[in-house]
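Here the structure is laid out as structure tokens; the discussion comes afterwards.
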Amino acid sequence: MAELETTRSERPAFFDRLFGGDRVLWVIIAILAVASLLVIYSSTASMAYRKAGGDTTHYFFSQLKFIVLGFAAMIVVHRVNYQRYARPRFLALVFCAALFFMLLTFFIGVNLNSASRWIRIPIIGVTFQPSDFLRIALIAILAQQLAKRQTIIHKIPLLPALTVSGWQKNSRKNFDILTQTTIPILGPIVVACGAIFISNFSTSAITFVTCWIMLYMGRVRVRELWRLVALIVAAMALAISFMYVFDIGRSHTWVNRLGIGAVLNPDEQAERQSDDDNLQQDQARIAIASGGLLGKGPGNSTQRSNLPHSYSDFAYAFIVEEYGLVGAVGILFLYLCIFFRGIVTFRRCGTAFPSLLVLGLCLMITFQAICNMMVSVCIFPVTGQTLPLISLGGSSIVFTCVALGLILGISRQVKEQSLDRPKGQTMLD
């Protein structure tokens, strides 16, 4: 009897070690993973006949493989104490490695769907999207830089004087601001978002907005944040204009999707791009309208052959068709729950670094999901953003699971009270 009671008492302990942290978040992730398999199996049926020799389970098992790999990574990552990866040198090394892989896409990148965002790994024959890695590294290093300045960040300028006369009035002070605040905090944001921007405007924008909110929650003065927004908007306008004139990157696609291409360059190519985007959104509207309240049911979609990228960019429209308004609201609710569970962990953290890291990762995942949904329901122009954990993918699923693993790891340490300060004290206290 004693041995049986010991075995029973060890089981919960083993379960806690394997799935520690926020149990609600674990359940949400599991539900999204199951939803992903259902969506991918149904939405890729017609594509399987064209590209997989009629094997309708090909993409299902491919997705299952990456989900299993992602869950394995999530379990491993969430068991690592955040103090191990909070060291500045380690974060700088990770950020530089991610940036290096991102820059490689400009030279040896694989072009998929008219965008060069992937690197093919020859040994295992899969593609890897470095921007997913770079975004996590950026959020981590920004959280670390803000955390080390919490006692003074609300008192000092984020940017030096932006005019020659302003710089000359107090050149020494401006130089100190530039080297001690601007470059360490804003440098990684500018470099990372700039590298992503060339091939993926929407991901760059989502990343910048995430970082901007982290700066605000990291106690940077609001006046400084609006100065930063004005500077970035001006820089983006100049960059897009330059890229458009010299046909660099996907600038023509961005301008056409914003409806400006027809004015600046009313040629056949601009009209074709606009027609393609309109076709995608028209098919998405048909899928949504035919879904109704409860949808057509799993596997009964009639739009999967007509809706472009129903397994990725327009996955949410496909969900509405098969699972109706109820399924669509359910998926939205799950992503909002990820955000709110992250906020719970954020408020319970004892120091700034884990708080800001959790906040940034939750914002990144939630913003991407909402962007995909808004494109699918034709509120936003077509962006190419996938639905995290649901859309067909490889590295995107794995790195999303890594981000969630970091959140779960910090929530585990909150429960164990192994953070730097006792549970209940937050960076806002």
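The values are calculated or read from the model by the stated rules, or taken from the named source; none is laboratory data. Here the structure is a predicted model, which is why all the values come from computation and not from measurement. Reconstructed Cβ throughout: ideal geometry from the backbone, glycine too, with neighbour counts over all protein chains shown.
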Is at least one residue of segment 201-217 modelled with pLDDT under 90 and under 30 Å from residue 110 (Cα atoms)?
yes
Considering only residues that are crowded, with 16+ Cβ neighbours inside 10 Å and either polar (S, T, N, Q) or under 24 Å from residue 362 (Cβ atoms) (or both), which ones fall in segment 47-76?
62, 63, 66, 67, 70, 71, 73, 74, 75
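Within segment 344-399, restricting attention to residues that are part of a loop (DSSP other than H, G, I, E, B), closer than 26 Å to residue 68 by Cα and hydroxyl-bearing (Ser, Thr, Tyr), which residue is farthest from the chain's Cα centre (by Cα)?
Looking at residues that are part of a loop (DSSP other than H, G, I, E, B), closer than 26 Å to residue 68 by Cα and hydroxyl-bearing (Ser, Thr, Tyr), I get 391.
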Counted residues, segment 321-343 - those being out of contact with any helix residue (DSSP H, G or I) (no Cβ under 8 Å at 6 or more places or on another chain) and more than 13 Å from residue 370 (Cα to Cα):
2
Are any residues in segment 302-334 assigned to a loop (DSSP other than H, G, I, E, B) and in contact with a Leu (Cβ under 8 Å, 6 or more places away or on another chain), and if so, which ones?
308, 311, 312, 314
Anything in segment 200-229 that is buried (at least 19 other Cβ atoms within 10 Å of the Cβ) and not in a helix (DSSP H, G or I)? List them, or say none.
200, 218, 220
Do we have any residue at all in segment 264-281 that's in a helix (DSSP H, G or I), among the polar types (S, T, N, Q), at pLDDT 70 or above and surrounded by 14 or more Cβ atoms within 10 Å (Cβ to Cβ)?
yes
Whether any residue in segment 286-302 is over 22 Å from residue 403 (Cβ atoms), under 24 Å from the mean Cα position of the chain (by Cα) and crowded, with 16+ Cβ neighbours inside 10 Å is what I want to check.
no
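Can you tell me which residues in segment 15-36 are touching a residue at least 40 places away in the same chain (Cβ under 8 Å), surrounded by 13 or more Cβ atoms within 10 Å (Cβ to Cβ) and either among the basic types (Lys, Arg) or not in a helix (DSSP H, G or I) (or both)?
Across segment 15-36, the qualifying residues are 19, 20, 21, 22.
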Scan of segment 220-236 for residues that are in contact (Cβ under 8 Å) with a residue 40 or more places away in the chain and closer than 11 Å to residue 158 by Cα, ordered by number:
220, 221, 224, 225, 227, 228
If you go through 360, 350, 342, the only one that is surrounded by fewer than 22 Cβ atoms within 10 Å (Cβ to Cβ), over 22 Å from residue 293 (Cα atoms), of a type outside the set (S, T, N, Q) and touching a residue at least 60 places away in the same chain (Cβ under 8 Å) is 350
What single numbered condition from (1) surrounded by 15 or more Cβ atoms within 10 Å (Cβ to Cβ); (2) under 23 Å from residue 181 (Cβ atoms) fails to hold for residue 90?
(1)
Exactly one condition in (1) at pLDDT below 95; (2) surrounded by fewer than 24 Cβ atoms within 10 Å (Cβ to Cβ); (3) in contact with a Ser or Thr (Cβ under 7 Å, 6 or more places away or on another chain) is not met by residue 385; state its number.
(2)
For segment 185-199, does any single residue satisfy the condition of being among the polar types (S, T, N, Q), in a helix (DSSP H, G or I) and in contact with a strand residue (DSSP E or B) (Cβ under 9 Å, 6 or more places away or on another chain)?
no
Return yes when residue 397 is of a type in the set (Val, Ile, Thr) and surrounded by fewer than 24 Cβ atoms within 10 Å (Cβ to Cβ) and no when it is not.
no
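So that you can scan it fast, the table gives a plain yes or no per residue for (1) under 15 Å from residue 22 (Cβ atoms); (2) touching a Phe, Trp or Tyr at 6+ places or on another chain (Cβ under 7 Å); (3) buried (at least 22 other Cβ atoms within 10 Å of the Cβ):
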{"position": "320", "(1), (2), (3)": "no, no, yes"}
{"position": "326", "(1), (2), (3)": "no, no, no"}
{"position": "374", "(1), (2), (3)": "no, yes, no"}
{"position": "381", "(1), (2), (3)": "no, no, no"}
